[in-house]
Structures are given as structure tokens and as C-alpha cells.
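Read through the structure below, which is laid out as C-alpha cells, and then see the notes.
The values are calculated or read from the model by the stated rules, or taken from the named source; none is laboratory data. Since the structure is predicted, the reported quantities are computational estimates derived from the model, not experimental observations. Note that each Cβ is placed from the backbone with ideal geometry, even for glycine, and that neighbours are counted across all protein chains shown.
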Amino acid sequence: MEHCEKGDQMSNQSNLHDCPKSGPGYASPLAAMSGPRETLLYVTAIYSGTGIEKPDFLATVDVDPSSCYGDPSAVRRYLILPSLVSGRIYVVDTKIDPRSPSLHKVVEPDEIISKTGLAYAHTSHCLASGDVMVSFLGDKDGNAEGSGFLLLDPEFNVKGRWEKPGNSPSFGYDFWYQPQHETMISSSWGAPAAFTNGFNLQHVSDGLYGRHLHVYSWPGGELRQTLDLGESGLLPLEVRFLHDPSKDTGFVGCALSSNMVRFFKAEDGSWSHEIAISVKPLKVQSWFLPEMPGLITDFLISLDDRFLYFVNWLHGDIRQYNIEDPKNPVLTGQVWVGGLLQQGSPIVAISEDGKLGNLMFQTSREIKLVEKGSHMLLIDVDTENGGLKINPNFFVDFGAEPGGPCLAHEMRYPGAFVKGAKLQMESQKANKYITMGVTKRNITPCSKNCLPPASNPYNRGCSRICKCRK
């Protein structure tokens, strides 16, 4: 997600009236919807599990429909790339040359572990103070009990844990906060020792995967409440508050249960939850279960809080719901793009533009994508009447990279408030890379730290990226 230093308009919506109109941010999410069209896209791509012994890398993709456009400008300078398996945090400078970003700093896992005990980095967000906050999923041995939140200062030095002692979550994954309600909510994936060895359904029964939301005081870091979502909320992953800072409601996608759960503040000031959307399993053959769940992975909310979009990874469809009444979402659009039924997509990204809003997503399905690499598609969105349609003029193939087919994951635009862009026409890739674990661009070998030995447990694995303004 976005990271901005202290003073950025988007970071502290409670002070919107005091913010200047200039600068790299916007006064509100609605103001961001009228911003200029994006021209560049940053995508993390990984080789973990592919058999290709090359570092992961950061790719730049030209997404401007003009074939002669050559002066894109980045308004936020640094990309923050936490690495799930390696535990490293990469800081990439996009200001000097947005089309060829350079590695600015690497925060090594040994320092993070020695100072905080945290390992398996995942989600990063900005704080109004200028610090970077990163969720971690466990300790160095892969135990979920070691999960928590890391703080980096504005110069990307390790400060320590964010949460107060004794207030760590039982499991870690995503998090988001609503400052006006002095609340941060985090979600639960599973123990790294379990998911790094492949998903085993028995591990769910064994308690190695989560089903809780953790409610923290913001910015105090005290764990005030734990919401047990039960069997209907297994593996709650992505967390999204509504963009309106006055609203005390949001959603979490529960992957294994295939439910979209709404959380909200009750009259007594505590937080509660209810199922807002339920995806029914499909009866299938030649699978290890008689019924296949949708497996909700990523989801996003439009900047005007009118629509919610989510991916059913296994079923292979992307859905659009009108959530103007958050208690009663209405299905307004659906498009099939793959999954195990048709080979599909776990990550989505939505445009800042409410009228020309388009939905981008990238695939990361294991078996075939390991051999052929992933790809990126574009889905055009009807934000007036509802509806989704695949754009036939946009396709990015990550199976044709110089180092071999790779698995594209997270996407970010320079200066974008949320994941996404206003795209309608064909885009071209720019062959510029930042390799994860090296200090040189493109595919130039690095003699210092290009390929860590197999004995090094911190060998690779990018998870999430966020954008930092300097």
C-alpha cells in the first residue's frame, strides 16, 4: 500500500482542511479520482518455486497508450518491498529515473530479528509520522506466535515493534487503520512453518491457520479486542476500511470460507462483524474435494466507496458489488478469467478514476504458471450501471522475461493512492529491472549478493510493496 512521509495529504485525512493543494498527494480519495492518467506500473516478480535460480526482481511496465510518451513523472519517491521468505525489506528509488528505478537500501533480516524477533515480512503502510509500518507473520522458526508489526523511521532504520509488549496478534497478515476512530484492524493468515511447506487442510483443524481479526488502539498499539469469525471466517486475509474517514465500517475477505465479512463499530463502542457476501462452493470432479470453494484472495473498494471488487481465485471470476448500503451488497458485475476452472487470478487492482475505472489483475497460479509465467490483463468497469468486461487491447506476458518465466505479484503506480490505473489501450513493457538481493539493474550478475547459498534461510520471496514520498 501507499507510504508517505509526515505532511503528506493522504496520510492524515483528519487534517485535510490544513493541507496545501500542492504536492504529491490528494486532499481526499475523491480528489484522487480526478487525477491524471498513470503512465508507469511497478510490478514485483518472483522466481521462488519455479526452479530458476535467479533473484526476484522489480519490473517497470509502460502503461501509457501513447507510443511516443517518454517523460513520466513519479511524485512519490520510494517503493518499499517487504520480502515474505527472505525477511529483507528493499527500498527502491523511483525518482531519479522512474523507468529504471535503483536500489536505495536493504534492511537485512538479521537486524530485524535481533532487534524485534520478527520474520516473514508481508504488508507495509505509511504512518502520518513518516514512519513505515510492516506486518510480520512469525518468528525466525516460523511460529505464528512471533508475529507483530515493525516500525522503520523515515530513513528506513529499524525502530522496533509498533505494538506494545504483550499485545502481539495470534496470527499476522494484512492491516489497515481508521485514525478518526482511533482503530487499527489486522487479519490472520497462518503459521509460516505451515504455509511455506504448501497448504494442508489438516493444518486448519490443527490451529495453524487463523480465523480472527485483531482490533488495536490507534496509534497506541494496545490490543483491545479479538473478533473470532468462526468457521465462516477461515483465513481472513485482506482488510479494507471504507475510504470515508468518518465511516466505522470495512470488510475482510475470508479465503477458505469464501465469505466477505463486514466489520463495524457497535453502539457500545465495541467492534462486531457479520457475513456480507457468501460465495457458494461448486461441485467438481477430479479434485481432492467434492466441492471447490471460491477462495476469495484480493479485494478492493473504489475511492468513492460505491463498489467493492474481489477475486474468486479457484473459481476464476472477478465480481463487482455495489456497497452504497454496506449491509446489503448487490452484485452488479462479474467476469470469468480463469481459476482452476479456467486458470485464474489472485490479485486485483482498481483505478483511481471512478468514471473510467478499470480493474487490473495478475495471475499467480502454481503449476502451469511456474512453467509458463504469469500475465497481466485489464478489465474495464462500468461504474455507472455496473458491469465488467475484459479489455482485448491490453496484455502483458511475464513468461517472456530474459531470465525465464516469472510470477508477477504486486502492482503499484508512481504516486497512485491505491493500486490501479486508468487504462484503455495496449501498453508495452520496459525491460528495466531491480533484482531482489542484488545491487545492479537488468540481468547483470552481481558478485556480492546475487544468489544466496541454499543454506541461507533468507534467500528470496517478495510479498508486498508500498510507495514512500521523500
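Observations on the structure shown:
- Test: residue in region 335-347 that is modelled with pLDDT of 85 or more and surrounded by fewer than 21 Cβ atoms within 10 Å (Cβ to Cβ): yes
- Residues of region 142-169 that are modelled with pLDDT of 95 or more, buried (at least 18 other Cβ atoms within 10 Å of the Cβ), out of contact with any Phe, Trp or Tyr (no Cβ under 7 Å at 6 or more places or on another chain) and not hydrophobic (A, V, I, L, M, F, W, C): GLY142, ASN167, SER168, PRO169.
- Within region 75-126, considering residues that are modelled with pLDDT under 90 and among the aliphatic types (A, V, I, L, M), the one surrounded by the fewest Cβ atoms within 10 Å (Cβ to Cβ): ILE96
- Residues of region 60-74 that are in contact with a strand residue (DSSP E or B) (Cβ under 7 Å, 6 or more places away or on another chain) and either modelled with pLDDT of 90 or more or in a loop (DSSP other than H, G, I, E, B) (or both): VAL63, PRO72.
- Test for PHE171: is it in contact (Cβ under 8 Å) with a residue 12 or more places away in the chain, in a strand (DSSP E or B) and closer than 30 Å to PRO281 by Cβ: no
- Lone qualifier among SER257, SER232 - being surrounded by fewer than 23 Cβ atoms within 10 Å (Cβ to Cβ), small (Gly, Ala, Ser) and in contact (Cβ under 8 Å) with a residue 24 or more places away in the chain: SER232
- If the condition is being without any contact (Cβ under 8 Å) to a residue 40 or more places away in the chain, part of a loop (DSSP other than H, G, I, E, B) and within 28 Å of PHE288 (Cβ to Cβ), then region 174-205 contributes ASN197, GLY198, PHE199, ASN200.
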